[in-house]
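Okay, so here's the structure we're looking at.
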Amino acid sequence: MKPFVYSGLPYRVVFGVGSLAGLPAELDRLGAKRALLLSTPEQADTVKQVAASLGARAAGVYDRAVMHVPIEVAQEARRLASELGADCCVTVGGGSTTGLGKAIALVSPLPIVAVPTTYAGSEMTTIYGITEGGEKKTGRDARVLPKCAIYDPALTLSLPAAASAASGMNAIAHSVEALYAQDANPIISLMAEEGIRALAASLPRIVSDVKNLEARSEALYGAWLCGVALGSAGMALHHKLCHVLGGSFNLPHAETHSIVLPHAMRYNHDAAPEAMRRVARALGASDAPGAIYDLEARLGIPMRLAEIGMREADLERAARLAAGAPYPNPRKVEYAPLLALLRDAWHGNRPAPASS
Ligand code: NAD
């Protein structure tokens, strides 16, 4: 066995259908009396209901969170937190809303209680991102890790089928890369494999019945594990490509991840045999990249970069950007094979069967 270092993050998880009712008790544990609640405009009604359930503990609501945390939005929310004398942030939503809470926690001592409603996993990481002048700057800081995450599957019932599927595949991508990360370790690998298994088993059931609470519970459980994987192990080629495609070509986050994943896996297949064996086992298949591709096809989500706004003429620039500043990766990152990978993802080709 390879030597490893394992360092657990100090988060608390409250999981289960109806667990949102435990939010007041979680605020009490933190000694918080004036919560600022955050959401996107699309989830304003939900966050207002949550605020109403908190009574006087809710100091205010800010419902203008948007994707990638523009600095102007972060500053407005920070100002509101300070004007209200808030002593805690409650984020109700996906990665965009959690990200806004993190932007507040980065410059103030406010603890975050995260109530995730997608499978993005940001609530389990110390990673934050803020967009300024069109450029998203990301970093890691222990202050932004939520003190508690309340995972209530009932809140995910309203996430549409296509968004659920793409978000779930985004979560699976976190675990796949954690399995072959430079700093992989056996505990996180256990969680990563189980997270992939739980999501792969539940997503097809959700797509055929979005209100299936049992499948929703299994998916959210898997998303938690994948979030831990993202927060605990470094990321590699797949995440680099998605950061380039999202950051420089403005492609949508979850869909980009799901389209690129099987191709990034094929690229790394021979250099990360143990990780691929574990992904294949989680999917009950023999060829991991092909099985991920087939799962996505079953989910009916976009399979081609061409479908989500990538221009063929930009593939060379994307390959150059990704090859120019690669993240650590099991296989050497080189321009020509990277361009071939991106062409496959652009066309939506099924990854060729493994050579070994
Ligand atoms: P999102 O938070 O942008 O949500 C997408 C849309 O779905 C929003 O309109 C939202 O209101 C809506 N929505 C969310 N949950 C819903 C529900 N249950 N029912 C109905 N509508 C719902 O999407 P996301 O994919 O969760 O997050 C993407 C963002 O998170 C990106 O900016 C990404 O970079 C970031 N992210 C950060 C980390 C991290 O560790 N820092 C991890 C993952 C993602």
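Which fully enclosed helices (runs of 4 or more DSSP H) of the range 241-344 have 3 or more residues being within 16 Å of the ligand (Cβ to nearest atom) and in the same structural domain as A192 (by TED's automatic domain parsing)?
Numbers: elements: 253-268, 273-283, 288-299, 315-324.
Here the list reads 253-268.
Could you say which residue among E214, E194, E177 is within 14 Å of the ligand (Cβ to nearest atom), charged (D, E, K, R), modelled with pLDDT of 95 or more and assigned by TED's automatic domain parsing to the domain that holds P326? Give the steps one after another, and end with the answer.
Working: E214 fails: within 14 Å of the ligand (Cβ to nearest atom); E194 fails: within 14 Å of the ligand (Cβ to nearest atom).
Result: E177 is the single residue among E214, E194, E177 that is within 14 Å of the ligand (Cβ to nearest atom), charged (D, E, K, R), modelled with pLDDT of 95 or more and assigned by TED's automatic domain parsing to the domain that holds P326.
Yes or no: the range 41-52 includes at least one residue that is of a type in the set (G, A, S), away from the ligand (no atom under 15 Å from the Cβ), surrounded by fewer than 24 Cβ atoms within 10 Å (Cβ to Cβ) and without any contact (Cβ under 8 Å) to a residue 12 or more places away in the chain. Full working, then the answer.
Initially, the range 41-52 is screened for residues of a type in the set (G, A, S), giving 44, 51-52.
If we keep only those that are away from the ligand (no atom under 15 Å from the Cβ) too, we end up with 51-52.
Cutting the leftovers down to surrounded by fewer than 24 Cβ atoms within 10 Å (Cβ to Cβ) gives us 51-52.
This time we only want the ones that are without any contact (Cβ under 8 Å) to a residue 12 or more places away in the chain, so: 52.
Within the range 41-52, one or more residues are of a type in the set (G, A, S), away from the ligand (no atom under 15 Å from the Cβ), surrounded by fewer than 24 Cβ atoms within 10 Å (Cβ to Cβ) and without any contact (Cβ under 8 Å) to a residue 12 or more places away in the chain.
Looking at this structure, is K2 away from the ligand (no atom under 14 Å from the Cβ) and at pLDDT below 95? Please lay out each step first, then the result.
Values: away from the ligand (no atom under 14 Å from the Cβ): yes; at pLDDT below 95: yes.
The answer is yes for K2.
Quick one: would you say K137 is surrounded by fewer than 16 Cβ atoms within 10 Å (Cβ to Cβ), basic (K, R) and in contact with a Gly (Cβ under 8 Å, 6 or more places away or on another chain)?
Values: surrounded by fewer than 16 Cβ atoms within 10 Å (Cβ to Cβ): yes; basic (K, R): yes; in contact with a Gly (Cβ under 8 Å, 6 or more places away or on another chain): yes.
Answer is yes for this residue.
I need the full set of residues from the range 1-23 which are over 30 Å from E274 (Cα atoms) and surrounded by fewer than 14 Cβ atoms within 10 Å (Cβ to Cβ), in order please. Show your work before the answer.
Initially, the range 1-23 is screened for residues over 30 Å from E274 (Cα atoms), giving 12, 14-23.
R12, G18, A21 - these are the residues of the range 1-23 that are over 30 Å from E274 (Cα atoms) and surrounded by fewer than 14 Cβ atoms within 10 Å (Cβ to Cβ).
Let me confirm something: among T118, T91, T46, T98, which residue is in a helix (DSSP H, G or I) and within 21 Å of V228 (Cβ to Cβ)? Full working, then the answer.
On the way: T118 fails: in a helix (DSSP H, G or I); T91 fails: in a helix (DSSP H, G or I); T46 fails: within 21 Å of V228 (Cβ to Cβ).
Every option except T98 fails the conditions.
The values are calculated or read from the model by the stated rules, or taken from the named source; none is laboratory data. On a predicted model such as this, the values are computed, not experimentally measured, just so you know. Glycine also receives a Cβ, built like all others from the backbone with ideal geometry; neighbour counts cover every protein chain displayed.
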